[in-house]
Amino acid sequence: MRTVLSLLFSCLIYCSISAQEVSGVLKDYIKQQQQEHQIPAIAVSLVTPDSIFSYVNGKARLTKKERIPLDSKFHLGSNSKAITAFIAMHLSEQDVINFDTSFFELFPELETTSQKSYKAITLGDLLSHNAQIPAYTKGTELAKFNNLTGNTSEKRYVFAKTVLSENTAKTGTYSNAGYVLAALMLEKASGKSFNKLLDELMNDLDLSYFIGFPNKENDTYPWGHQEQNGSLISLAPDHNYKLNSFMVSAGDISMNIEDYSKFIQLNLQGLTGVANYLEGDNYKKLHFGKPNYAYGWGNIEQENQKMSYHDGSAGTYYCHTVLFPEKEIAVIVMANTATEEAVSAIYDIQKWVSDNPKKAKK
């Protein structure tokens, strides 16, 4: 475990970093992609271990002229999972819980009502999608939980009890529900609600965030868009579409590009061997500790280079993040639409930046 002095030193390194603008060439390319593929608002960032180059452009709604503010938040969707795994690793470093902790060690009363196949599942299994928990990636699957009563933690417990009584999924099934169960474990081990743990982390790192779609916090922030009958329709702040409150650990955090880039920068620094908020080796575990999907991060090797990545979308926003530790860069693209052509453009922008990092910098 790190000393207080080393933590303070790490924070001094982290806090000294400020955002810079991307190049005019990249700005023009982004604007072109926006126009050609109907992306109302976008945020793009090139992250290095010591710098952040970012750009925010567009409108909150496709049909309005007002530009979004530079500190606009975008919905991270399932990229929230990396934050949940980060919290889990922090608690592990504090000896509050570890990735080998059994779910039923913390909740023995649920074992008798759960499928026997779940008997040995651990926190690490849940965070790496190796617990065979049903996916719950569709709103229709979650609809039966819309009328749960109690606070968010109580709803999370009832959800977990129900899920564990259901048949197991195939090994390796990507599961939002698994991350709900992981949050429940973090709550029980720490004695704090997941929302409190999230708030403590963000305060420690001096990062701004919001739970839910960003325009519900500020209507000048990007509104999510859905395609209906060939047209993009924006969802107003009072629209009834929202994620269940107990799903925050799986995919309901919003952040602006600068603060999210700072979080990704911590991860990139860690992957290059620098200890900061977490110990350096633990970043490698989060990103590459298991093949294909470790803990909050997918991973792959292309052209003899490792990369970790994650995509997130609840259908109305999209967030795409890729880290290239050997190149010492990360690229983030956020948008307030998730149509097929918009996602294709998002990937094209990410590839342009990761292939041309020098051209991307102002």
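Condition test on residue 60, is it in the same structural domain as residue 313 (by TED's automatic domain parsing) and hydrophobic (A, V, I, L, M, F, W, C)? Yes; evaluated as a whole, the condition is true for this residue. Against the numbered list (1) at pLDDT 95 or above; (2) more than 17 Å from the chain's Cα centre (by Cα), residue 301 comes up short only at (1). From the list 151, 167, the one residue that fits, being in contact with a Pro (Cβ under 9 Å, 6 or more places away or on another chain) and farther than 20 Å from residue 78 by Cα, is 167.
Restricting the first member to the range 191-215 and to residues that are over 16 Å from residue 266 (Cβ atoms), and the second to residues that are surrounded by fewer than 18 Cβ atoms within 10 Å (Cβ to Cβ) and of a type in the set (D, E, K, R), the beta-carbon pairs closer than 8 Å and six or more apart or on different chains are 192/200; 210/217; 212/242; 213/242. Tallying residues that are part of a loop (DSSP other than H, G, I, E, B) and either within 8 Å of the chain's Cα centre (by Cα) or modelled with pLDDT of 95 or more (or both) within the range 52-85 yields 8.
Residues that are farther than 21 Å from residue 197 by Cβ and surrounded by 13 or more Cβ atoms within 10 Å (Cβ to Cβ) within the range 132-147 comprise 132, 134, 135, 136, 137, 139, 141, 142, 145, listed in sequence order. One residue stands out in the range 86-121 among those that are assigned to a helix (DSSP H, G or I) and of a type in the set (Ser, Thr, Tyr): the one that is nearest to the chain's Cα centre (by Cα), namely 92. Scanning the range 62-80 for residues that are surrounded by fewer than 23 Cβ atoms within 10 Å (Cβ to Cβ) and closer than 13 Å to residue 256 by Cα returns 69, 70, 71. Residue count for the range 279-302 under the criterion of being surrounded by 22 or more Cβ atoms within 10 Å (Cβ to Cβ) and not in a loop (DSSP other than H, G, I, E, B): the result is 3. Filtering 161, 170, 196, 155 for residues that are of a type in the set (D, E, K, R) and farther than 23 Å from residue 88 by Cα leaves a single hit, 170. What residue, among those in the range 122-160 that are part of a loop (DSSP other than H, G, I, E, B) and touching a strand residue (DSSP E or B) at 6+ places or on another chain (Cβ under 7 Å), is nearest to residue 288 (Cα to Cα)? The selected residue is 128. List pairs: first in the range 223-248 and free of Cβ contacts under 8 Å to residues at least 60 places away in the same chain, second among the aromatic types (Phe, Trp, Tyr) and part of a loop (DSSP other than H, G, I, E, B), Cβ under 8 Å, 6+ apart or cross-chain? So the pair list comes out as 236/223; 237/213; 237/223; 242/213.
Quick check, is residue 335 touching a strand residue (DSSP E or B) at 6+ places or on another chain (Cβ under 7 Å) and closer than 30 Å to residue 228 by Cα? Against the criterion (touching a strand residue (DSSP E or B) at 6+ places or on another chain (Cβ under 7 Å) and closer than 30 Å to residue 228 by Cα), residue 335 qualifies. Within the range 149-176, restricting attention to residues that are under 23 Å from residue 314 (Cα atoms) and small (Gly, Ala, Ser), the residue that is surrounded by the fewest Cβ atoms within 10 Å (Cβ to Cβ) is 172.
As a summary of the residue check, residue 264 satisfies the conditions (1) over 21 Å from residue 19 (Cβ atoms); (2) out of contact with any Asp or Glu (no Cβ under 8 Å at 6 or more places or on another chain) except for the one numbered (1).
The values are calculated or read from the model by the stated rules, or taken from the named source; none is laboratory data. For clarity, every value in this text was computed on a predicted model and none was experimentally measured. No Cβ is skipped: glycine too gets one built from the backbone with ideal geometry, and neighbour counts run over all protein chains shown.
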